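Engineer: What follows is a structure written as structure tokens; I'll ask about it next.
The values are calculated or read from the model by the stated rules, or taken from the named source; none is laboratory data. Note that this is a predicted model, so its numbers are computed, not measured. Cβ placement follows ideal geometry from the backbone for every residue including glycine, while neighbour counts extend to all protein chains displayed.
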Amino acid sequence: MSDTKMVSLDAMDEQLIQKAKQEGVETMWDRKVTMKAPCGFGEKGVCCRICAMGPCRVSPVEGKGAQRGICGATADTIVARNFARMIAAGTAAHSDHAREIAHVMHLASKDGNYTIKDEKKLLRLAEEWEVKTEGKDIYDIAHEVAEIALNEFGKPFGTLRFLERAPEPRKKIWEKLKIKPRAIDREIATIMHSTHMGCTSDAESLIHMGMRTALADGWGGSMIGTEFSDILFGTPVPRETEANLGVLEEKQINILLHGHEPSLSEMIVMASQDPELVKLAHEVGAEGINLAGMCCTGNEVTMRHGVKIAGNFYQQELAVLTGVVEAVIVDVQCIFPSLTPITDCYHTKFITTSPKAKITGATHIEFNEEKALESAKGIVREAIENFKNRKQDKIFIPKTKAQATVGYSVEAVIKQLDRVVNSQIDPLGTVKPLADVIKAGVLRGAAGIVGCNNPKTQHDYGHIEVMKKLIANDVIVVTTGCAAQAAAKAGLTSKDAAKLAGKGLQAVCELVDIPPVLHMGSCVDISRIITLVSETAKFMGVDNCDLPVVGVAPEWMSEKAVAIGNYVMASGIDVFLGVLPPVTGSPEVVDLLTNRVEEMTGAKFFMDEDSLKLADMMLVRIEEKRKNLEKLG
Ligand code: NFS
Ligand code: SF4
């Protein structure tokens with residue numbers, strides 16, 4: 001691509017893209033150019049290939065061209081069906097991740113590789129799920145709780161247990177709309193069934209069903225993913241780290257952890273500290289083993305261990321281009337298949353570990369959870385032994401990196417809030433201080449800024465510009481996923497960034513000792529954000545939709561993000577998208593998502609490709625919500 005300025009906010013990205021060019025290595029930017037403009041039908045969501053009478057592409061313009069597919073499906077039907085299937089796929093991805101973690105908890109034992117790190121959290125959950133704990137071994141409790149969680153995926157009767165955590169008015173809305181999800185897998189299967197050829201054609205019904213499935217993600221799969229990971233690996237507390245490709249070390253063995261499930265990355269962290277392997281690293285001439293995280297598994301290990309952040313989604317190829325990565329270790333989700341040809345140009349080993357995500361040309365070393373540490377050590381050993389193969393003339397590590405504070409679980413946030421509580425008058429351990437500053441208007445509101453990178457936008461631009469604008473206007477930002485990594489790289493998750501905040505937020509940051517942008521973890525950890533919002537709403541005696549809170553995905557790209565957007569909206573929080581979803585071919589679906597869903601859930605979607613305009617829309621909406629909140633008293 002000739003104009004690399006377009007590509008990224010970060011000059012360093014540009015240097016690496018130039019390096020790729022000089023070395024004749026193809027990157028996503030080259031492929032984006034080859035791809036030219038995206039297919040107009042696909043972009044608008046009006047292409048259907050659900051049955052073999054098609055594919056049918058109908059016209060997104062009324063009265064012009066084919067108005068119906070061969071079976072008679074309209075643009076509205078086709079768009080809504082495709083959208084619902086995106087929700088089902090996203091829900092499946094988050095939830096299958098959660099299922100793995102629940103299985104790991106079922107495997108946990110006192111002397112095993114997987115142990116219980118947060119007993120208190122396990123006991124709280126056991127109580128919530130009415131599991132008897134008295135006189136029982138903690139591991140017996142863990143296994144019982146894990147089994148209940150595993151049943152949430154396929155239980156024949158009832159609705160999901162975590163829905164009970166929602167504010168009362170929210171539960172009533174879900175009941176009235178009949179969108180309380182039943183078993184997680186069932187909701188996914190129902191969407192796949194209802195979108196089969198010749199089933200639901202009514203767009204509203206499909207959007208409605210999509211909300212129920214998405215809620216099975218947010219209040220099911222994702223919440224199980226977060227809760228169980230905390231119990232097994234520890235609930236995050238604030239800690240310091242660094243972010244960006246400058247965290248790679250020339251004299252060390254660099255292992256890039258990429259993917260999602262902490263069951264693998266936690267074991268790699270343990271293996272990298274194994275004295276024998278550290279010794280081996282020295283023997284091959286390295287000064288040590290340097291782990292660096294990317295995408296959500298990077299978020300998981302930085303939240304719990306302070307593992308440095310190499311970068312986000314957009315930088316997976318760039319990391320390899322540095323020539324110093326001995327191994328890229330991946331499990332599932334958001335992994336470019338192009339890592340095979342690109343690692344082939346360097347000495348880097350590309351190691352896949354999950355039978356769910358085998359990638360052509362990669363070295364597959366299957367991760368065995370029953371022998372987790374042993375498996376992880378084998379993988380780390382491969383990386384160490386590869387150090388000798390580095391091509392010295394291909395090494396270039398950009399200097400850029402930023403200091404970041406990470407680790408803001410809900411528990412950690414509440415603990416920070418306790419700093420301002422007068423314990424003579426008020427109880428500790430509540431969201432009261434947060435509710436107070438929002439009510440008083442010291443903070444105008446809060447925004448959850450989440451999601452991916454997308455080459456349709458300049459790398460990280462949307463994330464950073466929206467964050468800066470919001471914090472300058474006294475809106476506190478919580479962030480997860482690749483957005484959190486963008487924030488970390490830009491220095492916005494450091495306490496020092498408070499200087500960029502408005503006076504109100506600045507004062508809160510100082511008093512509570514937090515940065516203006518709080519890193520809350522991986523994408524499944526959006527369940528933490530939902531929990532924090534719901535706890536605040538409950539404390540104030542209102543519903544989520546009454547709070548001046550917004551959800552934002554400036555650069556989203558994945559089906560998981562579509563599931564998230566829908567559960568956030570169905571939970572009563574407005575969702576702002578900086579990339580248009582493939583729904584614009586249906587005026588009916590656009591009207592439903594950006595207008596009519598508000599009557600049902602109290603929240604809706606806002607879409608604009610201009611991030612700054614999007615931020616302005618958020619500020620307006622936040623002030624509107626504040627006015628209504630005042631009326632509620
Ligand atoms: Ni989220 Fe994590 Fe990043 Fe997007 Fe992918 S890593 S689960 S989907 S790209 S934020
Ligand atoms: Fe065409 Fe209908 Fe088949 Fe879709 S389901 S491919 S619109 S005939």
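Engineer: Any idea which residue in segment 492-516 is surrounded by the fewest Cβ atoms within 10 Å (Cβ to Cβ), counting only those that are in a loop (DSSP other than H, G, I, E, B) and of a type in the set (V, I, T)? Before you say what the answer is, go through the steps one by one.
Structural biologist: So the first thing to find is which residues in segment 492-516 are in a loop (DSSP other than H, G, I, E, B), and the list is 492-494, 501-502, 513-516.
Next, only the ones that are of a type in the set (V, I, T) stay: 493, 514.
Values: T493: 32, I514: 23.
Selected residue: I514.
Engineer: Oh, and also: Just to be sure, is I78 within 11 Å of ligand 2 (Cβ to nearest atom), part of a helix (DSSP H, G or I) and crowded, with 21+ Cβ neighbours inside 10 Å? Break it down into steps so the answer makes sense when it comes.
Structural biologist: Details: within 11 Å of ligand 2 (Cβ to nearest atom): yes; part of a helix (DSSP H, G or I): yes; crowded, with 21+ Cβ neighbours inside 10 Å: yes.
Criteria met by I78.
Engineer: Then there is this: Which of the residues belonging to segment 101-118 are more than 13 Å from F233 (Cβ to Cβ) and surrounded by fewer than 21 Cβ atoms within 10 Å (Cβ to Cβ)? Show your work before the answer.
Structural biologist: Taking segment 101-118 and keeping what is more than 13 Å from F233 (Cβ to Cβ), we get 102-103, 106-107, 109-112.
Correct list: H103, H106, L107, S109, K110, D111, G112.
Engineer: I'd like the residue in segment 32-72 that is in a loop (DSSP other than H, G, I, E, B) and touching a Ser or Thr at 6+ places or on another chain (Cβ under 6 Å) and, out of all such residues, is nearest to ligand 2 (Cβ to nearest atom).
Structural biologist: As a first pass, look at segment 32-72 and keep what is in a loop (DSSP other than H, G, I, E, B): 36-39, 45-46, 49-55, 58-67, 69-72.
Next, from what is left, pick out any that are touching a Ser or Thr at 6+ places or on another chain (Cβ under 6 Å): 65-66.
On the way: G65: 14, A66: 10 Å.
Residue satisfying both the conditions and the ranking: A66.
Engineer: A84: at pLDDT 95 or above and either more than 16 Å from ligand 2 (Cβ to nearest atom) or not assigned by TED's automatic domain parsing to the domain that holds G158 (or both), yes or no?
Structural biologist: Values: at pLDDT 95 or above: yes; either more than 16 Å from ligand 2 (Cβ to nearest atom) or not assigned by TED's automatic domain parsing to the domain that holds G158 (or both): no.
It is false that A84 is at pLDDT 95 or above and either more than 16 Å from ligand 2 (Cβ to nearest atom) or not assigned by TED's automatic domain parsing to the domain that holds G158 (or both).
Engineer: Pick from G323, G378: which is outside the structural domain of C482 (by TED's automatic domain parsing), over 26 Å from the mean Cα position of the chain (by Cα) and either farther than 30 Å from T400 by Cβ or not in a loop (DSSP other than H, G, I, E, B) (or both)? Spell out how you get there, then give the answer.
Structural biologist: Details: G323 fails: either farther than 30 Å from T400 by Cβ or not in a loop (DSSP other than H, G, I, E, B) (or both).
Only one candidate passes the filter, namely G378.
Engineer: Quickly run through segment 52-78 and pick out the residues that are out of contact with any strand residue (DSSP E or B) (no Cβ under 9 Å at 6 or more places or on another chain) and either within 22 Å of V562 (Cα to Cα) or at pLDDT 95 or above (or both).
Structural biologist: Once the filter is applied, which keeps residues that are out of contact with any strand residue (DSSP E or B) (no Cβ under 9 Å at 6 or more places or on another chain) and either within 22 Å of V562 (Cα to Cα) or at pLDDT 95 or above (or both), segment 52-78 yields A52, M53, P60, G72, D76.
Engineer: While we're on this one: I'd like to check something: does segment 128-151 contain any residue that is among the acidic types (D, E), closer than 16 Å to D230 by Cβ and surrounded by fewer than 21 Cβ atoms within 10 Å (Cβ to Cβ)? Don't jump to the end; show me each part of the working.
Structural biologist: Filtering segment 128-151 for residues among the acidic types (D, E) gives 128, 130, 134, 137, 140, 144, 147.
Subsequent filtering for residues that are closer than 16 Å to D230 by Cβ retains 128.
With the extra rule that they be surrounded by fewer than 21 Cβ atoms within 10 Å (Cβ to Cβ), the set shrinks to 128.
Scanning segment 128-151 turns up at least one residue that is among the acidic types (D, E), closer than 16 Å to D230 by Cβ and surrounded by fewer than 21 Cβ atoms within 10 Å (Cβ to Cβ).
Engineer: Count, please, the residues in segment 384-429 that happen to be assigned to a loop (DSSP other than H, G, I, E, B) and of a type in the set (A, V, I, L, M).
Structural biologist: Here is the first cut: in segment 384-429, the residues assigned to a loop (DSSP other than H, G, I, E, B) are 386, 390-391, 395-401, 407-409, 421-429.
Keeping just the survivors that are of a type in the set (A, V, I, L, M) gives 395, 397, 421, 425, 428.
So the count comes out to 5.
Engineer: While we're here: Restricted to segment 301-320, and to residues that are assigned to a helix (DSSP H, G or I) and within 19 Å of K349 (Cβ to Cβ), which residue is farthest from ligand 1 (Cβ to nearest atom)?
Structural biologist: Restricting attention to segment 301-320, the residues satisfying the condition of being assigned to a helix (DSSP H, G or I) are 301-305, 313-320.
Pick out the ones that are also within 19 Å of K349 (Cβ to Cβ) and you get 315-320.
Details: Q315: 11, Q316: 9, E317: 13, L318: 14, A319: 14, V320: 17 Å.
Among those residues, the one meeting the criterion is V320.
Engineer: Another question, then. Is it true that some residue in segment 492-501 is within 16 Å of ligand 1 (Cβ to nearest atom), more than 21 Å from A216 (Cα to Cα) and at pLDDT 95 or above?
Structural biologist: Looking for residues that are within 16 Å of ligand 1 (Cβ to nearest atom), more than 21 Å from A216 (Cα to Cα) and at pLDDT 95 or above, one finds at least one in segment 492-501, hence yes.
Engineer: Here's a follow-up. Being within 9 Å of ligand 1 (Cβ to nearest atom) and not in a loop (DSSP other than H, G, I, E, B) is the filter; apply it to segment 529-567 and report the residue that is surrounded by the most Cβ atoms within 10 Å (Cβ to Cβ).
Structural biologist: Step one: filter segment 529-567 for residues within 9 Å of ligand 1 (Cβ to nearest atom), giving 553, 555-561, 564.
Next, from what is left, pick out any that are not in a loop (DSSP other than H, G, I, E, B): 553, 559-561, 564.
Working: A553: 29, E559: 18, K560: 30, A561: 25, I564: 34.
Among them, the one singled out is I564.
Engineer: So if I check each of S201, S229, which one is in the same structural domain as R81 (by TED's automatic domain parsing), more than 21 Å from G572 (Cβ to Cβ) and touching a Pro at 6+ places or on another chain (Cβ under 9 Å)? Quick ask: steps written out before the conclusion?
Structural biologist: Values: S201 fails: touching a Pro at 6+ places or on another chain (Cβ under 9 Å).
Exactly one residue qualifies, and that residue is S229.
Engineer: Would you point out the residue of segment 517-528, among those that are under 18 Å from E555 (Cα atoms) and either assigned to a strand (DSSP E or B) or modelled with pLDDT under 95 (or both), that is farthest from ligand 1 (Cβ to nearest atom)?
Structural biologist: That would be V517.
Engineer: Then there is this: Just the residues that are out of contact with any Lys or Arg (no Cβ under 7 Å at 6 or more places or on another chain), part of a helix (DSSP H, G or I) and closer than 22 Å to V450 by Cβ, please, taken from segment 594-622. Can you show your working first?
Structural biologist: Let us first name the residues in segment 594-622 that are out of contact with any Lys or Arg (no Cβ under 7 Å at 6 or more places or on another chain), namely 596, 599-611, 613-614, 616-621.
Applying the additional criterion that residues be part of a helix (DSSP H, G or I) yields 596, 599-601, 611, 613-614, 616-621.
Selection gives T601, S611, K613, L614, D616, M617, M618, L619, V620, R621.
Engineer: Do the conditions hold for P455, that is, is it modelled with pLDDT under 95 and either within 16 Å of ligand 1 (Cβ to nearest atom) or within 30 Å of P38 (Cα to Cα) (or both)? Quick ask: steps written out before the conclusion?
Structural biologist: Details: modelled with pLDDT under 95: yes; either within 16 Å of ligand 1 (Cβ to nearest atom) or within 30 Å of P38 (Cα to Cα) (or both): yes.
Yes: the conditions hold for P455.
Engineer: Next question, about the same structure. Please go through segment 242-255 and give me each residue that is surrounded by fewer than 24 Cβ atoms within 10 Å (Cβ to Cβ) and either more than 24 Å from V278 (Cβ to Cβ) or not hydrophobic (A, V, I, L, M, F, W, C) (or both), ordered by number.
Structural biologist: Matches in segment 242-255: E242, G246, E249, E250, K251, Q252.
Engineer: Could I ask something else about it? What pairs come up if the first residue lies in segment 268-284 and is farther than 14 Å from L257 by Cβ, the second is acidic (D, E) and surrounded by 13 or more Cβ atoms within 10 Å (Cβ to Cβ), and their beta carbons are under 8 Å apart, counting only those six or more places apart or on different chains?
Structural biologist: Close Cβ pairs satisfying both conditions: V284/E385.
Engineer: What residue, of G462, G451, G445, is in contact with a His (Cβ under 9 Å, 6 or more places away or on another chain) and buried (at least 19 other Cβ atoms within 10 Å of the Cβ)? Quick ask: steps written out before the conclusion?
Structural biologist: Working: G462 fails: in contact with a His (Cβ under 9 Å, 6 or more places away or on another chain); G445 fails: in contact with a His (Cβ under 9 Å, 6 or more places away or on another chain).
Exactly one residue qualifies, and that residue is G451.
Engineer: Next up: Any residue in segment 322-329 that is buried (at least 24 other Cβ atoms within 10 Å of the Cβ) and within 16 Å of ligand 1 (Cβ to nearest atom)?
Structural biologist: Start the filter on segment 322-329 by keeping residues that are buried (at least 24 other Cβ atoms within 10 Å of the Cβ), which leaves 324-329.
Checking the rest, the ones that are also within 16 Å of ligand 1 (Cβ to nearest atom) come to 328-329.
For segment 322-329, residues buried (at least 24 other Cβ atoms within 10 Å of the Cβ) and within 16 Å of ligand 1 (Cβ to nearest atom): present.
Engineer: From M28, M12, grab the single residue that is within 16 Å of ligand 1 (Cβ to nearest atom) and touching a residue at least 40 places away in the same chain (Cβ under 8 Å). Step through it out loud before you land on a result.
Structural biologist: Details: M12 fails: within 16 Å of ligand 1 (Cβ to nearest atom).
Answer to the selection: M28.
Engineer: What's the number of the only condition in (1) among the aliphatic types (A, V, I, L, M); (2) within 16 Å of ligand 2 (Cβ to nearest atom); (3) not in a helix (DSSP H, G or I) that V589 fails to meet?
Structural biologist: Failing condition for V589: (3).
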